[in-house]
Amino acid sequence: MELSELLEKVKDKESFFIFTNELLADKEDEVKRGNLSSATYLDKGLNGWVNNTIEGFLESAIAFTEDNNSWLNEPNHWKKLALFLYGGKIYE
């Protein structure tokens, strides 16, 4: 199942941890398959990861939240957390 599909299914603690485990596996797969030693913070990885450092990831998650805050009205707090993390993967 695609990460975006798992994101849509987040509704509780269990589905949040399924999503976060798959997010981690997705990043580990990208690192394993790609040569990140020459990647800059602007390079997009094989699995679509825009950020290769924790600093870039958190900066993008915060920017994603500030720039696209309509999802903050989501009543499900587990999905909000998942969206924040997903933003760290995809947002530049």
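The values are calculated or read from the model by the stated rules, or taken from the named source; none is laboratory data. Not measured: the values here are computed from a predicted model. A quick note on method: Cβ atoms are made from the backbone with ideal geometry, for glycine too, and the neighbour counts reach across all protein chains shown. The protein model used for the area step is the full one, side chains on, heavy atoms only, and it has no ligands, DNA or RNA in it. Shrake-Rupley method; radii C 1.70, N 1.55, O 1.52, S 1.80 Å.
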Some residue of segment 14-22 being in a loop (DSSP other than H, G, I, E, B) and of a type outside the set (D, E, K, R): no
Candidate set from segment 65-78 (those that are open to solvent by less than 70 Å² (accessible area, probe 1.4 Å) and of a type outside the set (A, V, I, L, M, F, W, C)); member that is modelled with the lowest pLDDT: GLU74
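Rundown of residues vs (1) open to solvent by 50 Å² or more (accessible area, probe 1.4 Å); (2) in contact (Cβ under 8 Å) with a residue 40 or more places away in the chain; (3) of a type in the set (A, V, I, L, M, F, W, C), yes/no style:
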residue: ASN47; (1), (2), (3): no, no, no
residue: ALA63; (1), (2), (3): no, no, yes
residue: LYS80; (1), (2), (3): yes, no, no
residue: PHE84; (1), (2), (3): yes, no, yes
residue: ILE90; (1), (2), (3): yes, yes, yes
Options SER4, SER37: the member that is open to solvent by 50 Å² or more (accessible area, probe 1.4 Å), modelled with pLDDT under 90 and part of a helix (DSSP H, G or I): SER37
